[in-house]
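Report on one structure; see the data block that follows.
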Amino acid sequence: MTATPAWPPQSAPRLHVETLLGDGVVVPVDGNPAHYLISVMRVKPDDIVLLFDGRSGEWAARARDIRKRDLVLECVAQTKPPEHVPDFWLCCAPIRKGRIDLIAEKACELGVARLQPVLTRRAVVDRLNFDRLHAHLVEAAEQCGRTALPELAEMTKLDTLLRDWQPGRHLFFADETGGAPLEATLRAHPGPAAFLVGPEGGFDPAERDAIRATSGAVPVSLGPRILRAETAAIAATAAWMAINGDWN
Ligand code: SAH
């Protein structure tokens, strides 16, 4: 007896698209994604490509009308329902290119719902390339099997973030000067959450006071060593996901 080949094939390329997907929906693809499918993945007529739009789960689509620079994908079956993303935001100060890219990639893989850049006084970088960060989120989602993209929020000033904070969401604050032990504190505070991590230079004392005075803020320690900002952001997210997220 021959084994039935897996469907959709495990080797099927995975692509994020803007088109709202559904049964029979036809998605024209050109530009870089078409180049990736046609020249890199060597997609042939009738091959399956997995698509997700961030809202409609994942769909298997059949390739057709393949030309040099474009092709058409037609949705034939839903392969995953829309996913439930844990209600967790990662709020982090902008840091140097490369390191912030790493945060975006890992935040997406680890399961965050929203990445919120926060401008603080000691930030070395005060601008973000929104499109580049968004591209990193998309690429990570394509690779890790997510069907929902993390939301990439506009950069906000720390003062504004704190002023508008809704107390129904815990604001875990990674405080390198001391904070409550992480595991017990996370266990004692289930529910919607965010982690706030500072820039290379840390928070200044006035910022630390303002954060601590915010309703919902909970200072926590990430251990006895001073972590780089990107390590702190990734480690904090992993810890929250393991204790209060969807890793159980
Ligand atoms: N330059 C600062 C360190 C900044 S580390 C100093 O020398 O004090 C960047 C950010 O990572 C910090 O603002 C904090 O949010 C987080 N962080 C790093 N290590 C941490 C720790 N051990 N506990 C809690 N937060 C930490």
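Being touching a Cys at 6+ places or on another chain (Cβ under 6 Å), among the small types (Gly, Ala, Ser) and either open to solvent by 40 Å² or more (accessible area, probe 1.4 Å) or in the same structural domain as Phe173 (by TED's automatic domain parsing) (or both), is that true of even one residue in the range 232-244? Within the range 232-244 (the criterion being touching a Cys at 6+ places or on another chain (Cβ under 6 Å), among the small types (Gly, Ala, Ser) and either open to solvent by 40 Å² or more (accessible area, probe 1.4 Å) or in the same structural domain as Phe173 (by TED's automatic domain parsing) (or both)), the answer is yes, since at least one residue qualifies. Scanning the range 87-109 for residues being over 19 Å from Phe173 (Cβ atoms) and at pLDDT 95 or above gives a total of 9.
Yes/no matrix, rows are residues, columns are (1) more than 9 Å from the ligand (Cβ to nearest atom); (2) within 16 Å of Leu119 (Cβ to Cβ); (3) over 22 Å from the mean Cα position of the chain (by Cα); (4) aliphatic (A, V, I, L, M):
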{"position": "Arg146", "(1), (2), (3), (4)": "yes, no, no, no"}
{"position": "Leu158", "(1), (2), (3), (4)": "yes, yes, no, yes"}
{"position": "Leu171", "(1), (2), (3), (4)": "yes, no, no, yes"}
{"position": "Glu207", "(1), (2), (3), (4)": "yes, yes, yes, no"}
{"position": "Arg212", "(1), (2), (3), (4)": "yes, no, yes, no"}
{"position": "Gly223", "(1), (2), (3), (4)": "no, no, yes, no"}
{"position": "Ala239", "(1), (2), (3), (4)": "yes, no, no, yes"}
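When the range 173-197 is filtered for residues that are within 12 Å of the ligand (Cβ to nearest atom) and under 17 Å from Trp240 (Cβ atoms), the ones remaining, listed by number, are Phe173, Ala174, Asp175, Gly179, Ala180, Pro181, Leu182, Thr185, Phe195, Leu196, Val197. Count of the range 89-141 residues, restricted to those that are on the phi < 0 side of the Ramachandran plot and open to solvent by less than 40 Å² (accessible area, probe 1.4 Å), is 27.
The set of residues from the range 14-39 being within 22 Å of the chain's Cα centre (by Cα) and part of a loop (DSSP other than H, G, I, E, B) comprises Val17, Glu18, Thr19, Leu20, Leu21. One residue is enough: does the range 156-179 have a residue meeting the conditions of a type in the set (A, V, I, L, M) and surrounded by fewer than 19 Cβ atoms within 10 Å (Cβ to Cβ)? Checked against the condition, which is being of a type in the set (A, V, I, L, M) and surrounded by fewer than 19 Cβ atoms within 10 Å (Cβ to Cβ), the range 156-179 yields no hits at all. Assigned by TED's automatic domain parsing to the domain that holds Ala239 and within 19 Å of the chain's Cα centre (by Cα): does that describe Ala153? Answer is yes for this residue.
The residue that is most open to solvent (accessible area, probe 1.4 Å), counting only those in the range 6-19 that are over 16 Å from Val76 (Cβ atoms) and free of Cβ contacts under 8 Å to residues at least 60 places away in the same chain, is Gln10. The residues of the range 68-124 that are touching a His at 6+ places or on another chain (Cβ under 8 Å) and over 19 Å from Val138 (Cβ atoms) amount to a single one, Arg69. Which condition does Gly201 not pass, out of (1) under 17 Å from Cys92 (Cα atoms); (2) of a type outside the set (Phe, Trp, Tyr); (3) more than 15 Å from the ligand (Cβ to nearest atom); (4) surrounded by fewer than 16 Cβ atoms within 10 Å (Cβ to Cβ), if it passes all the others? Here Gly201 meets the rest and fails (3). For the range 192-248, a residue qualifies if it is under 19 Å from Ala123 (Cβ atoms), β-branched (Val, Ile, Thr) and touching a residue at least 60 places away in the same chain (Cβ under 8 Å), and the qualifying residues are Val197, Ile234.
The values are calculated or read from the model by the stated rules, or taken from the named source; none is laboratory data. Not measured: the values here are computed from a predicted model. Because the Cβ atoms are built from the backbone with ideal geometry, glycine has one as well, and the counts that use them run over all protein chains shown. Just so you know, the surface numbers come from the protein's heavy atoms only, side chains and all, with ligands and any DNA or RNA stripped out. Shrake-Rupley method; radii C 1.70, N 1.55, O 1.52, S 1.80 Å.
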